[in-house]
Amino acid sequence: MQTRLYSKKSISIRKFLYILPFMILLGVFAYYPLYGWVYAFFDYMPPIPLSESPFVGFKWFHSLVENQVKVDQLLQVIKNTFGMSGLALLFSWLPMIFAIFLTEIKAVRFRKFIQTVTTLPNFISWVLVYSLAFSMFSSEGIVNGMLKQLGLTDSPILFLQSSDHVWLTMWMWMTWKSLGWSAILYIAAIMGIDDSLYEAAHVDGATRMQVIRHVVLPSMLPTYFVLLMLQIASFLNNGLEQYFVFQNAFNKENIQVLDLYVYNLAMGGGSYSVSVAISMLKSLISVVLLFSVNGLSKLLRGESIV
Amino acid sequence: MSDSAAELAPREPAHRVDKKMKFQVSAADKFMTVLIYTLFSLFALVCIYPFYSIIINTISANDLSAKGDVVFLPKHIHFQNYLDVFKIPGLGNAALVSLGRTVIGTTLTVGASAFLGFMFTQEDMWGRRFWYRFTVITMFFNAGIIPWYLTMRSLHLTNNFLAYVLPTIVAPFFIILVKTFVESTPKELQQAASIDGAGTLTLFFRIMLPICKPILATVAIFAAVDQWNSFQDTLLLVTDSKLYSLQFILYNYINQASSLSTMVNLQNAGSTAMASLATKQTTTSIRMTVTIIVVAPILLVYPIFQRFFVKGIMIGAVKG
């Protein structure tokens with residue numbers, strides 16, 4: 001008995017030892033970067049190492065609100081972040097509608113084709129999206145070529161260098177890339193709808209739109225709710241790549257979201273400490289947001305989302 | 001679980017209802033059908049046309065494509081561009097880097113996801129619940145790119161190939177996929193094997209790994225696409241041009257294609273065959289040809305593996 005207990009314990013430990021190397025990797029690449037936040041409390045100027053940099057406490061956090069120029073700049077960045085995340089939030093129902101109407105198509109081959117083609121852009125990188133955008137919309141691009149041939153314009157329209165409607169065009173590229181893919185979850189939800197519901201609706205003489213409104217839509221709302229909550233939780237995380245590749249001297253003011261601003265400050269301007277300070281605030285607010293929506297979900301639906 | 005995207009969407013109910021109601025189909029319904037077909041066709045066209053137009057431009061006369069004249073069909077077809085781009089120094093090397101990180105990175109990620117997904121189902125493992133949470137929770141926070149950059153630099157992972165493949169080894173989302181899959185297999189399999197005296201590792205390699213093949217294929221496809229498309233890590237961590245990936249080099253080319261086209265043309269000036277305007281490299285031809293080379297693997301792989309992508313997101317949705 002004694003020996004069996006001992007061996008059980010040792011098996012348990014040995015199994016842990018198998019995964020230990022992976023947990024160390026995770027520690028290094030997911031948790032250790034949090035240590036990078038200490039740079040926010042030092043006056044770090046490369047190449048002088050952190051150990052020799054002076055400790056400045058909350059200086060950089062204060063500096064964010066001290067100087068009017070900086071305040072204005074940060075406000076513009078926050079405005080961009082809110083504008084672009086807000087637009088995405090406003091149209092967050094699009095994939096759901098996409099799925100509803102896609103499943104209304106009865107020609108299987110056509111539907112399959114549409115689904116394959118509209119999902120494809122999700123699998124190319126932002127650099128490639130930018131390259132496609134450049135080929136289509138640059139001054140020598142295909143769209144300008146077409147417009148010129150049709151005699152609609154004399155001089156090329158500078159779509160990509162324009163500082164107008166940047167939020168909208170960024171939202172459109174985002175939608176182009178991800179709409180078809182995002183719809184898949186909803187298509188799965190539609191697939192899960194019980195046949196008897198359709199039959200009941202039919203018996204009651206429901207029209208096509210009535211079936212959509214009273215049968216299909218309600219059964220997708222749980223999925224929509226969860227995705228909406230997750231989207232709110234990542235409100236500040238627009239990501240860097242899309243805005244980085246589309247950024248240029250003309251649209252810079254309207255395209256800089258927090259992630260890009262932080263990058264530009266550090267890698268462009270060398271202000272690592274300020275950049276880390278903003279990063280840190282952003283991450284903390286994001287975690288608070290996540291807990292909030294999780295709490296909200298528990299309150300409204302009785303289950304957590306994470 | 002359905003096997004392909006096609007089987008996902010509307011099933012019988014819609015058909016049945018319509019057959020029975022055939023005589024009742026209203027004008028509004030007909031209008032809606034036409035509207036749905038038109039809108040989806042348009043969106044599909046918007047999704048596919050950019051790829052199509054670039055492909056036809058790369059095989060058309062370069063002087064015409066530079067003016068934006070090639071719109072619907074290729075004009076004066078030639079394949080000189082695809083021979084010429086490989087004269088750009090660094091492109092071949094970047095292709096090797098991208099291929100290398102995709103093969104090595106994917107192998108490591110798939111192996112680790114399989115092993116960890118399996119291990120997290122082992123209820124007698126010490127601290128199983130804690131370590132599982134320790135892993136999954138990393139999906140919901142990150143330190144930010146600059147703190148990440150600074151710590152990676154302190155670990156000497158700048159200008160280092162390892163920076164491409166090490167951070168992606170432990171991937172929580174993939175681990176969840178595998179774990180869900182393992183949990184759906186009959187428990188008796190594992191029990192029978194352990195009674196026969198198989199240890200944890202034997203169990204994993206002999207029993208679970210072969211069973212998990214379908215889900216591992218899904219993970220492999222996702223991981224490979226992620227690796228191939230990765231751009232941000234090169235941007236932040238790499239300054240050594242020998243380690244540039246194709247994505248990064250494409251980004252550079254979009255911004256400097258004019259000097260590259262001049263260079264290729266100078267190289268070609270030596271050989272007498274190259275004189276025609278149609279095959280002379282332009283900013284546009286270089287940029288578009290490199291774009292197609294970078295996107296080609298995705299375009300080739302995507303139609304074949306689409307069902308794996310769909311499967312992946314569905315399993316993830318159930319559990320994640």
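The values are calculated or read from the model by the stated rules, or taken from the named source; none is laboratory data. Source: prediction; values computed, not measured. When we count neighbours, we look across all protein chains shown, and the Cβ atoms used for this are built from the backbone with ideal geometry, even at glycine.
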Inset, instruction - Go through segment A:11-124 and tell me which helices (runs of 4 or more DSSP H), entirely inside it, have 1 or more residues that are within 12 Å of chain B (Cβ to nearest Cβ). - result: A:94-102, A:108-119
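In the set B:189, B:203, B:237, which member is of a type in the set (A, V, I, L, M) and modelled with pLDDT of 90 or more? Let's see the steps before the verdict.
On the way: B:189 fails: modelled with pLDDT of 90 or more; B:203 fails: modelled with pLDDT of 90 or more.
That would be B:237, the only listed residue that is of a type in the set (A, V, I, L, M) and modelled with pLDDT of 90 or more.
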Legend entry - Scan of segment A:290-305 for residues that are under 8 Å from residue A:229 (Cβ atoms) and part of a loop (DSSP other than H, G, I, E, B), ordered by number: A:305
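Do we have residue A:285 as buried (at least 20 other Cβ atoms within 10 Å of the Cβ) and modelled with pLDDT of 90 or more here?
So residue A:285 fails the test.
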Inset, instruction - Kindly indicate which of B:121, B:106 is outside any helix (DSSP H, G or I), crowded, with 17+ Cβ neighbours inside 10 Å and either among the hydroxyl-bearing types (Ser, Thr, Tyr) or assigned by TED's automatic domain parsing to the domain that holds residue B:221 (or both). - result: B:121
Inset, instruction - Return the residue satisfying two criteria in turn: it lies in segment B:162-188 and is in a helix (DSSP H, G or I) and more than 14 Å from chain A (Cβ to nearest Cβ), and of such residues it is farthest from the chain's Cα centre (by Cα). - result: B:188
Inset, instruction - Being more than 23 Å from residue A:239 (Cα to Cα) and either at pLDDT below 90 or part of a helix (DSSP H, G or I) (or both) is the filter here, so list the residues in segment B:146-161 that pass it. - result: B:154
Legend entry - Selection status of residue B:138, modelled with pLDDT of 90 or more, within 14 Å of chain A (Cβ to nearest Cβ) and within 19 Å of residue B:247 (Cβ to Cβ): no
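For the structure I just gave you, tell me whether residue B:96 is more than 9 Å from chain A (Cβ to nearest Cβ), surrounded by fewer than 21 Cβ atoms within 10 Å (Cβ to Cβ) and not in a loop (DSSP other than H, G, I, E, B). Spell out the reasoning first.
Details: more than 9 Å from chain A (Cβ to nearest Cβ): yes; surrounded by fewer than 21 Cβ atoms within 10 Å (Cβ to Cβ): yes; not in a loop (DSSP other than H, G, I, E, B): yes.
Criteria met by residue B:96.
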Inset, instruction - Would you mind stating whether residue B:163 is free of Cβ contacts under 8 Å to residues at least 60 places away in the same chain and surrounded by 15 or more Cβ atoms within 10 Å (Cβ to Cβ)? - result: no
Inset, instruction - Taking residue B:82 as meeting all but one of (1) surrounded by fewer than 17 Cβ atoms within 10 Å (Cβ to Cβ); (2) assigned to a loop (DSSP other than H, G, I, E, B); (3) within 25 Å of the chain's Cα centre (by Cα), write down the number of the exception. - result: (2)
Legend entry - Residues of segment A:75-112 satisfying the condition of being at pLDDT below 90 and hydrophobic (A, V, I, L, M, F, W, C): A:105, A:107, A:108
Inset, instruction - Sort out for me the helices (runs of 4 or more DSSP H) sitting completely within segment A:157-218 that have 3 or more residues that are within 13 Å of chain B (Cβ to nearest Cβ), of a type outside the set (A, V, I, L, M) and surrounded by 16 or more Cβ atoms within 10 Å (Cβ to Cβ). - result: A:166-191
Inset, instruction - Mind listing whichever residues of segment B:189-206 are within 14 Å of chain A (Cβ to nearest Cβ), surrounded by 13 or more Cβ atoms within 10 Å (Cβ to Cβ) and in a helix (DSSP H, G or I)? - result: B:190, B:194, B:200, B:202, B:203, B:204, B:205
Inset, instruction - Could you tell me which numbered condition residue B:50 fails, if it satisfies all but one of (1) at pLDDT below 80; (2) facing chain A (nearest Cβ under 7 Å); (3) assigned to a helix (DSSP H, G or I)? - result: (1)
Inset, instruction - Report the residue count in segment A:267-279 for those that are buried (at least 20 other Cβ atoms within 10 Å of the Cβ), of a type in the set (A, V, I, L, M) and more than 7 Å from chain B (Cβ to nearest Cβ). - result: 3
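Give me the residue from segment A:248-266 that is in a loop (DSSP other than H, G, I, E, B) and modelled with pLDDT of 90 or more and, out of that set, surrounded by the most Cβ atoms within 10 Å (Cβ to Cβ).
Keep residues of segment A:248-266 that are in a loop (DSSP other than H, G, I, E, B), which gives A:248-251, A:256-257.
Then drop every residue that is not modelled with pLDDT of 90 or more, which leaves A:256-257.
Working: A:256: 23, A:257: 27.
Per the criteria, the residue is A:257.
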Inset, instruction - Quick one: residue B:133 ticks every box in (1) touching a helix residue (DSSP H, G or I) at 6+ places or on another chain (Cβ under 6 Å); (2) more than 10 Å from chain A (Cβ to nearest Cβ) except a single one, so which number is it? - result: (1)
Inset, instruction - Filter segment B:31-45 for residues that are of a type in the set (A, V, I, L, M), more than 7 Å from chain A (Cβ to nearest Cβ) and surrounded by 11 or more Cβ atoms within 10 Å (Cβ to Cβ) and give the result. - result: B:35, B:39, B:45
Inset, instruction - Could you tell me which of the residues B:63, B:29 is among the acidic types (Asp, Glu), closer than 30 Å to residue A:181 by Cα and in a helix (DSSP H, G or I)? - result: B:29
Inset, instruction - Taking the residues in segment A:128-148 that are at the interface with chain B (Cβ under 7 Å from one of its Cβ atoms) and not in a helix (DSSP H, G or I) as candidates, determine which candidate is surrounded by the fewest Cβ atoms within 10 Å (Cβ to Cβ). - result: A:140
